[in-house]
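Below: one structure, written as structure tokens.
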Amino acid sequence: MINVSFEVIAVAGLLSALGALIYAFVQNARLRVQFQQQQTQMQALSSDVSAMCAGAVNLGEHLVHLEQLSQQVIRRQTKLEMQEPSTQSYRHASKLMGKGAKLEEVMSDCGLARGEAELLALAQRIKKAS
């Protein structure tokens, strides 16, 4: 049988333990570097998410403002459309006067007051004179 002394076995065990310790130390250092890199990436991503959230809030506020403006435009448009028939009667009265209709006839046909009809007649005379 091979006669191996206790000291040789102990030295071999210590060397293998030392090798394992060195390997663990190197792995630990590598993992620390990797951990630091991941921490840096996580902080960058967190900043990006914060910026995106702030942008989304600003975009939401802008959309609310645009919606309010849109509603104002719709209300104005509706108001103008409701006023449209009166401008139609002025156009019709102007055409009638252009064809030589009498003031009373224009007032009754278009539902205009005397002052409105006289103003349209004056506008027609100025238009013809120029």
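The values are calculated or read from the model by the stated rules, or taken from the named source; none is laboratory data. Every value quoted in this text rests on a predicted model; they were computed, and no experiment measured them. Cβ sites come from the backbone with ideal geometry, for glycine too, and all protein chains shown count toward neighbours.
Just to be sure before I move on: is Gln124 assigned to a helix (DSSP H, G or I) and in contact with a Gly (Cβ under 7 Å, 6 or more places away or on another chain) in the structure I sent? Yes: the conditions hold for Gln124. Against the criterion of being out of contact with any Leu (no Cβ under 7 Å at 6 or more places or on another chain), part of a helix (DSSP H, G or I), among the β-branched types (Val, Ile, Thr) and modelled with pLDDT of 95 or more, Ile22 qualifies. The listed residues are Ala44, Ala54, Ala117, and the only one of them that is part of a helix (DSSP H, G or I) and in contact (Cβ under 8 Å) with a residue 12 or more places away in the chain turns out to be Ala117.
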